[in-house]
Structures are given as structure tokens and as C-alpha cells.
1. Short version: ³J(HN,Hα) in whole Hz for each residue of the range 77-84, in order, from phi by Karplus 6.51 cos²θ - 1.76 cosθ + 1.60 (θ = phi - 60°), x for Gly and Pro, what are they?
2. Under a 5 Å amide H to amide H cut-off, with H placed in plane at 1.01 Å, what residues pair with H38 once short-range neighbours are removed?
3. Would you grab the residues whose amide H sits under 5 Å from the one on T288? Only those 5+ places off in sequence or on another chain, please, with H modelled 1.01 Å from N.
4. Tell me, in nm to one decimal, what length is gained between I281 and Q113 on full extension, where the rule is 0.36 nm per residue of separation less the Cα-Cα distance?
5. Ranked highest first by average number of other Cβ atoms within 10 Å, how do 207-213, 124-130 line up?
6. Along the Cα-to-C-beta direction of R305, a point sits 7 Å from the Cα; which residues of the range 284-299 have their amide N less than 14 Å from that point?
7. In nm, what is the difference between 0.36 nm times the number of residues separating L87 and H16 and their Cα-Cα distance?
8. Of the listed peptides 145-156, 254-265, what is their order by residue-averaged count of other C-beta atoms within 10 Å, with the highest listed first?
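No lab work stands behind these numbers, since they all come straight from the coordinates. Note that the structure is a prediction, hence the values are computed from the model and not measured. Note that each Cβ is placed from the backbone with ideal geometry, even for glycine, and that neighbours are counted across all protein chains shown.
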Amino acid sequence: MSQINESLTVRSLVCHRDVDMAILCLGSLLKFSSETIHLVIHDDSSLTDEDIDKLQSGFQNCDVNHSSTEIIRRDEADELMQQQLQLYPNALKYRNANVVGGLKLLDIPLLSQGDIAFCDSDILFLRPFQRMFYFPNTETSAIFQMDCREAYAILPWKLLTLPKIKLAQNRAIDGENYRVKLLSRVNSGLMFIRKKAYDLDFIEWLVSQNICQSDIFWHGQTYWSAIGYHIGSQQYNPQQVVVVQSKQSITDETIAAHFVSRYRHFLGYFANQVNHSWHDINPVAVETISSKKCNLFNLSLSLMRYKLGIWKHNVMRKKS
């Protein structure tokens, strides 16, 4: 069983627009984690020198015990990844075409020295916690947040025709047949991956198959779902780590709340909770649950509900 690290590196991806939110949300991660965290921020290419100064000073003023904050500029990462991906042209092409998905799928894992811990800059932590980045057993090689639905960039009927790959010792050569499969409701905003399980050969093949058909923002999440199935995964207890859809999404059990863009306006209601005194509160252990396979019915239902939600949103905007 994996041991809790004395000092843990957690990575995040931040853009110019979200600097203030990142200071609030990632600052809450540093404040409430029972482990000392070394925070590494990846620039999506939009951060200015002023943004970097603001981030560094913002985290220094968080009044937390963490080792340091490191920021990796995009041009620096480009040079490193060009070397790392010399033999992986499909992965490199995907990285260049999809900034958010590519950096999360490739830069974050490949530039990590140890196990891969990632946290989006729009996840607010609300109380002291422990064992967020902790593998519950040797069979688990990844832990993901659980989404409220199947938020994937794959059309439902594609599940019936997903391609096969021949794998032998993690290489795309003659061997046993495997079909690409997806886990249910994977959200890649918060994840923990065994570095030794991260399979770049599988990813190179996966991104070459063009299984993603819509919504570029969900391409990376779709790939992570396939990777999670490939290497063996669990998911965080959705009562403790929630995707916010309303004020009622957050309860007394909530440790971390993910304010995705559509519901980010709720963030202000809970931001002040970070400043409350928690000195007498024992950290809560984060739990995980078994992952389930994504099926055709649930994927179809999620797509219909998503399209209906967009239609209702557009109608309400026209009325207002």
C-alpha cells in the first residue's frame, strides 16, 4: 500500500484570466492539506510577467506551511516536450492542437518526477483533509474525481465501434487484442496517477484513433477515461469531492468543490469559508470508491440532458 508523502508535488494549469481564482482555490489546497505541498503551476502560454509575480506573492501570503511554488513557462515546457515526444508524433500533434487537454495529458505526467498529482485551478477546498493523494491498494493506479455525468467528446454509438489495439508488454505490436473502453463519469480536474503506470505508447496510439468527435474541451477527459480503464482506477467519494451544480451541491461532507465554468458564479458564495478558523478541526480522510464502466445508455442520456440544458440556457438568455 502506498505511503503518505512527507512532501508532495501537486501540479496545476493556469491561464491569465484565472489568476485570481487560482490564488484562491490553490491557496485553499495548500491551507487545508495535512501534507506539505510543493505547488508547480504550468503556464498555458497566456501568463504575463505580472501574473507570475502575482501568483508567487499570492501563495506566499497564504499563511500555510508549504515548501515553495514553481512556475513553468510555456516556452520552457515546449522545449522540454519537443525532446520528450520525438518518437511520439501523434501525441505531439495533439499537444500542439489542444492546449488544455494536451498539457494535462502530456506535460503534467511527463514532467513529474514521481507519482502524478494534479488539481484544477477552479477547485475550492473547504476543510482540512488528508490522504487526497494516496493509493488505497496496489491494484489502483489512478484516482479521478467523479463527474455528475458522462462528459466525454465521443458520440454514443462510437462505443459500439471503438477500435482494438494489439498490445504486448505495453507496446503496439502483435499480441492479445484489447478494445478501448471508458470508465463512467471521469472528471480530470483532480487526479492522482502512478508514474510507472503512465503508458505513453498507449496514449500515442489512442490519440491517433480520432475517437473524439465533438467539444474539444472534453477530448482530454475522454482520453483520461480510457487510460483509467487501461491501468486500473478508482474515484474520489462524490460526497466529499463534488462537481458543483447548485448551492445545494455543497454539504457538511464536502472537502473539495469543483466550480466548472458553467457554475463558477457560485464560487463567491463559498470563498469566505476558506478564511474561517479551522485550527481545532481534525483533517478528514478522503475516501475512494470503485469505478464503473461507461455504457451506451448512460452516455446517450448524458448527451441528451446536456443538449437540453444548452437549449434551456439559450431560451432563458433570449427571454432576459
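1. Residue by residue, the range 77-84 yields 5, 4, 5, 5, 6, 4, 6, 5 Hz.
2. The list, which skips near neighbours in sequence, is L8, T9, V10, S67.
3. So T288 has HN proximity to N237.
4. 57.2 nm
5. Top to bottom by mean Cβ count within 10 Å: 124-130, 207-213.
6. 295, 297-299
7. 22.4 nm
8. Answer by packing, highest mean first, reads 145-156, 254-265.
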